[in-house]
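Since every read-out is calculated from the coordinates, none of them should be taken as a lab result. All figures in this text were calculated on a predicted structure; none of them were measured in a lab. We place every Cβ from the backbone using ideal geometry, glycine too, and count neighbours over all the protein chains shown.
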Amino acid sequence: MSSPSTSSPPEQAKCPVDHNTRAAWLAQHTSGTHPTSSPHPSSLPTERETSSIPRTDTDSNWVYPSQSQFYSAMSRKHSQGAYASPPDAGDMPVVVPIHNAVNERAWGEVLAWERGRGGEVCGGVKLHSFKGKPREKTWRAWGRVMLGYQAPFDRHDWIVDRCGHQIRYIIDFYAGRPTPTPSSGAQGTAGAPHPMKDANGQVSFFLDVRPAPDTWEGVSMQAGRMWAGLWGR
């Protein structure tokens, strides 16, 4: 995501999902989704969508990249050797909405964690910064792998500002439909990835969003969610 200006250059069109995640989305969602004759990159829309995620450095929200900016960013990464294959302009109408929806779902999960913790006093929590860590698996992710589950294809850390107090959130991105478990409700209980659906209603991603357990606050928040889940509250 980036600043609200629609004239900002493509390289500044940042959002809380990095190029590694974008490449994973392309691999997950582009097979057979675009016509044989793809549109020319220059014809891709330049309109950008404003997210629901507030920034800390301005009174506005983060802004998602347009299809044209998304394609340009992927093309630059390919030219730098980051990707084996160049992006297809025909994939952008599918991938970009999913990209935006994943961010919105992740922020919704953060808000669920933050509900009742004082952020409303200053107008609500805001996203201060973010960082992709695709090669750094959490202990929770490794635990799932040991139990036979698929490893997350990406991980992000979001720094959320609550009236001047910052707390780190970890987001693990999973692909595919997991086996339903008794603990996975509509709102999701602690430890259960949350379903993501694309525009066609097909489950595409699962997000495991939780406060980082590297502070007493993060540990107590996770413990409180787990306790409430066990007792059905």
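Structure data summary
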read-out	value
Fully extended contour minus Cα-Cα distance, from residue 104 to residue 59, at 0.36 nm per residue	14.4 nm
Binned Cα-Cα distances of the range 62-165, short to long, each 10 Å bin given as a whole percent	12, 30, 34, 21, 4
Net lengthening on full extension, residue 230/residue 147 (0.36 nm per residue, minus Cα-Cα)	27.8 nm
Cα convex hull of the range 43-93 - mean projected area over all directions, nm²	4.6 nm²
Cβ-based charge dipole, the range 35-139, positive-most Cα from 56, 92, 139	139
